[in-house]
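Accompanying notes for the structure given below.
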Amino acid sequence: MSTSQVRSAFDVAVVGSGIVGLGAALAAHRRGLRVVVIERGSEPSGASVRNFGHLCFTPQAGLAREFALTSRELWLGLAVDAGVWLRESGTLVAARRDDELAVLESLAETRGDEVELLSAAEAAERMPLAAGTAVGGAFLPRDLQANPRQAVAAIAAHLEREGVEFRRRTAVGAVRPGRVETSRGPIDAGRVIVAVNHDIDLLYPDVAERHGIVRCALDMLRVTAELRMPLAAPLLTGWSLVRYGAFSATPAAAALRERLHAERPDLAALDLNQMYTRLPDGTLIVGDTHARGATVAPFQAESAFEAMLEETRSLFGIDALRVVERWQGVYASGPADFLIEEVEPGVHLAAATTGIGMTTGLGLAEHVVAGFTSPAPTITLQKGAS
Ligand SMILES: Cc1cc2nc3c(=O)[nH]c(=O)nc-3n(C[C@H](O)[C@H](O)[C@H](O)COP(=O)(O)OP(=O)(O)OC[C@H]3O[C@@H](n4cnc5c(N)ncnc54)[C@H](O)[C@@H]3O)c2cc1C
């Protein structure tokens, strides 16, 4: 077969089949474009399967909120169209001290019914916390939960059924306007969307350096635990309140950060975001720590896992926990929330550069594709999430 016979022409080539790449393929396909997705792995194994599956729309601010709101509609649509498992769970936030409650109260003032404040009694009733742990809390009813181990596979299968082509076990080595050079030969496409997460530093090292993008590695666990009641929704703690944009922008957040760091320098050194989600099989995802660098060590210190398990026992008032799995996740991390750049004519880079890509990635991808095409057809939604 000659080289010209193996080349195909597409309107859009997407590099990477994590949530951002799949979002780009979806957005382009919905506009009637011919799309190919090029993925170096045989199946998804990047950040999009290693995360909590927490679709935390309410805690986002600025551009992240804009992308989050678009994503929410798209996720709900994918639950119907692609059979993505989605729980209309909302988010629970446990406030263990008054300064944590102050952050929640402050956000509630500006967000109306997106933030339902909980009294200490209500928090105890809705969360499986150790007795007397919470001084209050909040419920964020618009948030959702996906199962990351099912979601990307379901979306990819849906896109394939719809006619989007996938080239797996095919690594991209270089991208030029109109052409993607792969380990299986070149692929021609009018537009290219590069959605390779932290590996942007391999394909575009200068761009990564210019945007200050490094890698962020996270330690994660899955455990079985006998809680007082099942966890009905993703659960955030005070450590989350100094992290996500909408919380950390409240006037009360600075004092909370100072107190947490003064009281627990050991956990602050791990850059802990103590949070939990429950998978459909009842196991809990427990996380997470953060370590940044141009290269992140693959060696995961057991002391970090011990600290997370200890905090988990204390929060839920339990002794027994069985660790089922441990893993490391990595995402691109930079001073801004997103990298969006047309590096050459028709070559678009898209990445979430903080740990909110499941929440915002579909909206980010929709934004990038909308930038060079006509509006997509209106999404008609049935209520499909369970
Ligand atoms: C542990 C952890 C927990 C998180 N928790 C949450 C959460 O609860 N909620 C939330 O909103 N966000 C969360 N995030 C962030 C979120 O998971 C990421 O922002 C998001 O998944 C990034 O999606 P992506 O498509 O850019 O990257 P990925 O899912 O990493 O996909 C990139 C793909 O590109 C492919 N690729 C790379 N280079 C090439 C190449 N040269 N050629 C071909 N293919 C290539 C890779 O194989 C990979 O499949 C978490 C992240 C981690 C790591």
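The values are calculated or read from the model by the stated rules, or taken from the named source; none is laboratory data. Bear in mind that the values here come from a model prediction, so they are computed numbers and not experimental data. Backbone-built Cβ (ideal geometry, glycine too); neighbour counts: all protein chains shown.
Listing for the model above:
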quantity: Residues that are away from the ligand (no atom under 13 Å from the Cβ) and of a type outside the set (Asp, Glu), drawn from region 331-347; calculated: Pro335, Ala336, Val343, Pro345, Gly346, Val347
quantity: Matching residues, region 13-70, being near the ligand (Cβ under 6 Å from one of its atoms) and among the acidic types (Asp, Glu); calculated: Glu39
quantity: Pairs, first in a strand (DSSP E or B) in region 305-333, second among the aromatic types (Phe, Trp, Tyr) and within 16 Å of the ligand (Cβ to nearest atom), C-beta under 7 Å, six or more apart; calculated: Arg326/Phe305
quantity: Yes/no for Gly21 being among the small types (Gly, Ala, Ser), crowded, with 17+ Cβ neighbours inside 10 Å and closer than 30 Å to Pro251 by Cα; calculated: no
quantity: Selection count, region 204-235, where residues are in contact with a Pro (Cβ under 8 Å, 6 or more places away or on another chain) and over 30 Å from Val15 (Cα atoms); calculated: 5
quantity: Residues being surrounded by fewer than 22 Cβ atoms within 10 Å (Cβ to Cβ) and touching a helix residue (DSSP H, G or I) at 6+ places or on another chain (Cβ under 8 Å) - total across region 117-126; calculated: 1
quantity: Per-region count, region 166-214, residues in a helix (DSSP H, G or I) and more than 9 Å from the ligand (Cβ to nearest atom); calculated: 7
quantity: Region 205-219 residues that are under 21 Å from Gly46 (Cα atoms), paired with ones that are hydrophobic (A, V, I, L, M, F, W, C) and within 12 Å of the ligand (Cβ to nearest atom) (beta carbon under 6 Å, 6 or more apart); calculated: Ala208/Ile200; Ile213/Ala332; Arg215/Val296; Arg215/Val330; Ala217/Ala291; Ala217/Val296; Ala217/Val330
quantity: Any hit, region 48-55, residues being of a type in the set (Ser, Thr, Tyr), part of a helix (DSSP H, G or I) and modelled with pLDDT under 95; calculated: no
quantity: Per-region count, region 139-152, residues surrounded by fewer than 19 Cβ atoms within 10 Å (Cβ to Cβ) and touching an Asp or Glu at 6+ places or on another chain (Cβ under 9 Å); calculated: 2
quantity: Total residues in region 149-164, condition under 20 Å from the mean Cα position of the chain (by Cα) and among the basic types (Lys, Arg); calculated: 1
quantity: Test: residue in region 44-53 that is without any contact (Cβ under 8 Å) to a residue 60 or more places away in the chain, more than 22 Å from Val192 (Cβ to Cβ) and either buried (at least 24 other Cβ atoms within 10 Å of the Cβ) or not assigned by TED's automatic domain parsing to the domain that holds Leu218 (or both); calculated: yes
quantity: Positions within region 261-276 being loosely packed, with under 15 Cβ neighbours inside 10 Å and among the charged types (D, E, K, R), in sequence order; calculated: Glu263, Asp266
quantity: Residue within region 33-42 that is among the aliphatic types (A, V, I, L, M), under 20 Å from Ala352 (Cα atoms), crowded, with 24+ Cβ neighbours inside 10 Å and touching a residue at least 40 places away in the same chain (Cβ under 8 Å) present; calculated: yes
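Per-residue answers, yes or no, for (1) acidic (Asp, Glu); (2) surrounded by fewer than 13 Cβ atoms within 10 Å (Cβ to Cβ); (3) farther than 25 Å from Ala332 by Cβ; (4) under 19 Å from the mean Cα position of the chain (by Cα):
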| residue | (1), (2), (3), (4) |
| --- | --- |
| Ala249 | no, no, no, no |
| Arg259 | no, no, yes, no |
| Arg278 | no, no, yes, yes |
| Gly293 | no, yes, no, no |
| Pro298 | no, yes, no, no |
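So that you can scan it fast, the table gives a plain yes or no per residue for (1) surrounded by fewer than 16 Cβ atoms within 10 Å (Cβ to Cβ); (2) at pLDDT 95 or above; (3) assigned to a loop (DSSP other than H, G, I, E, B); (4) outside the structural domain of Val15 (by TED's automatic domain parsing):
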{"residue": "Thr70", "(1), (2), (3), (4)": "no, yes, no, no"}
{"residue": "Ser106", "(1), (2), (3), (4)": "no, yes, no, yes"}
{"residue": "Pro128", "(1), (2), (3), (4)": "no, yes, yes, yes"}
{"residue": "Gly137", "(1), (2), (3), (4)": "no, yes, no, yes"}
